Structures are given as C-alpha cells and as structure tokens.
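The values are calculated or read from the model by the stated rules, or taken from the named source; none is laboratory data. Given the structure is predicted, the values throughout are model-derived calculations rather than measurements. Cβ sites come from the backbone with ideal geometry, for glycine too, and all protein chains shown count toward neighbours.
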Amino acid sequence: MSALADRVRYGLARLRWSRLRAVGARCPYCGPTVLVRLADDETAIRCLRCAASAVHLAIGHALREAVPDLDRCDACELSTRGALADHLRRHARSVALSEYVDGVRGGDVQDGVRCEDVQALTYADASFDLVTHTEVLEHVADDARAFAELFRVLRPGGRLLFSVPLQAGPTFERARRHAGAIEHLAQPSYHGDPYRAGARILVFRDYGEDIAQRLALAGFADVEVRAPAAAIPWVAPRAIIRARKPAGEVSWTAAAC
C-alpha cells in the first residue's frame, strides 16, 4: 500500500494538466497497458499498470530482444525497486538485487536491503549470466573500476545491459574524487533520486559516443549502443548499451585496471 501511495504522490507532484496525455501501448513487463505522460519530461512518462518509466521501458524492450533465455539466467540488478527489478524477480532463474548506500560497507544488509558499490562488488567471480542497471554509472567516481567489476562478476559469454544519459561527442568529466575529496572540474550537476524525495545525486560525467571504447578497454566485446525496436511515445528513442564478456575469457580483477 505504501508503494502505491508513493506512486500516487510522485505522479501528482509531476502532473501538469495541460500536458497530460495517455495512449494504449504494450509494456515489456506487464503487457497491454496505458502509457501516461504527466509533463514534458522523459521521467514523467509512466506505465499505468507497473509504473515503469521511459528509461525502464526502453531497457525492458532491449532485454526482451537481447536475452530471450532469461529464465536460464542468474541475474544481477543494481537496484532493488522498480519494474525492471520486479521483472527479474519473476522471470530470471535467480536475481541478486542491491542498492548503493553511502557509508554502508559492501555486502552488508541495511533494513533488509543488500548494499553494494559497483566499484567494489562483493560477489564472487563469474557469478552471473546477466547484469543490468539504469542511470548508475554517471554517478560513479571511478567508472573504469566499475567496468572491471562488472566484467569480473559476469560468466564467460555473460551479457551486460544498461542505460546512462548520452550526449554527442566525447565523454565530459564533470568531477572526480581526489585525495579523499570531490574535485569539481565543471559546474556541478545533480540528478534527482526517484526513491528519496528531495535528494540529489552528483553527476561525475556526461557520457558520450566513446562509451563503447570504454567498455572495450575493460574487455567487453560485441558492444552496441542502440535503441530497442519498440518505440516509446512522446520521446526520442533511448539508447541502451549492450555488451558481452567473451566466451572463454578469464575474469579480471578491479586491481588489474
């Protein structure tokens, strides 16, 4: 009941009556549904049945295209809430869900939630056939370490699907962690936290067209940056990044990077 109440409060806070629109569609998670647009904003598009956002709809469609054997996959999702996490709970062979909580040691459980830092995951090498996450890596100080960790916990042949905001041109570094402190290299930028009202999350970088090269440097192969075939009304196609750990590859350790 509290989750439903949170959804209602979120929707009412975003609603702009003059921009309200609705259209019948097919959700990759819950099937035939109605999509609503509450305002002129990608984050204000929701599935009326499961509350999936435009980003989650895009990665859900990409998941169906790229991973037809989800029921045979041990999956890892870097979140515990939302339509994608719920879908993996229902359809993957197994799923490990976690949240990043500042100040909590990786692998510890707080309020029933496992805490993990993608820069230093506590999962064993080659634990998963699939790793997914949405809008995470732009908020990570050392993304090279994060890519190495994602590579390490995937099994040979395992797949990585994720989203980050993308821009034309090269990646632009906005901030870095140096000597234990955050050094801003440009005007600070923040994203809202959909799960913590009023919270803001620092953006360390704006990813660009070189994200495929960053993944290749970490050892990933078959890297693609493209939108799923299924269109989402009212917004430009959202690119989802897809990559694979080569079959027969030994796991890297983050320390090797």
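What is the one condition in (1) touching a Pro at 6+ places or on another chain (Cβ under 8 Å); (2) farther than 24 Å from Leu166 by Cβ that Ala62 does not satisfy?
Just one mismatch for Ala62, condition (2).
Under the condition of being in contact with a Leu (Cβ under 6 Å, 6 or more places away or on another chain) and not in a helix (DSSP H, G or I), which residue from segment 129-150 is farthest from Ser189 (Cα to Cα)?
Out of the qualifying residues, it is Val131.
I'd like the residue in segment 100-150 that is among the acidic types (Asp, Glu) and free of Cβ contacts under 8 Å to residues at least 24 places away in the same chain and, out of all such residues, is surrounded by the most Cβ atoms within 10 Å (Cβ to Cβ). Break it down stepwise before answering.
Step one: of segment 100-150, the residues among the acidic types (Asp, Glu) are 102, 108, 111, 116-117, 125, 129, 135, 138, 142-143, 149.
Within this subset, residues satisfying the condition of being free of Cβ contacts under 8 Å to residues at least 24 places away in the same chain are 102, 108, 111, 117.
Working: Asp102: 6, Asp108: 12, Asp111: 7, Asp117: 20.
Across segment 100-150, the extreme among qualifying residues is Asp117.
In segment 151-205, what residues are under 20 Å from Ile240 (Cα atoms) and free of Cβ contacts under 8 Å to residues at least 40 places away in the same chain?
Matches in segment 151-205: Phe172 only.
Looking at segment 81-108 only, could you name the residues that are at pLDDT 95 or above and of a type in the set (Val, Ile, Thr)?
Residue satisfying the conditions is Val95 alone.
Within the group Leu38, Leu48, Leu84, which residue is in contact with a helix residue (DSSP H, G or I) (Cβ under 8 Å, 6 or more places away or on another chain) and farther than 27 Å from Ala243 by Cα?
Exactly one residue qualifies, and that residue is Leu38.
Restricting attention to segment 15-53, and to residues there that are among the charged types (D, E, K, R) and out of contact with any Lys or Arg (no Cβ under 9 Å at 6 or more places or on another chain), which single residue is modelled with the lowest pLDDT? Give the steps one after another, and end with the answer.
Here is the first cut: in segment 15-53, the ones among the charged types (D, E, K, R) are 16, 19, 21, 26, 37, 40-42, 46, 49.
Checking the rest, the ones that are also out of contact with any Lys or Arg (no Cβ under 9 Å at 6 or more places or on another chain) come to 16, 26, 49.
On the way: Arg16: 60, Arg26: 96, Arg49: 94.
The qualifying residue modelled with the lowest pLDDT is Arg16.
Take His87 and tell me if it is surrounded by 19 or more Cβ atoms within 10 Å (Cβ to Cβ) and in contact (Cβ under 8 Å) with a residue 60 or more places away in the chain. Quick ask: steps written out before the conclusion?
On the way: surrounded by 19 or more Cβ atoms within 10 Å (Cβ to Cβ): yes; in contact (Cβ under 8 Å) with a residue 60 or more places away in the chain: no.
No; evaluated as a whole, the condition is false for this residue.
Filter segment 25-38 for residues that are within 22 Å of Leu166 (Cβ to Cβ) and either without any contact (Cβ under 8 Å) to a residue 40 or more places away in the chain or over 17 Å from the mean Cα position of the chain (by Cα) (or both) and give the result.
Arg37
I'd like to verify a number: residues in segment 30-81 that are in contact with a His (Cβ under 7 Å, 6 or more places away or on another chain) and under 14 Å from Ile232 (Cα atoms), how many?
Within segment 30-81, residues that are in contact with a His (Cβ under 7 Å, 6 or more places away or on another chain) and under 14 Å from Ile232 (Cα atoms) number 1.
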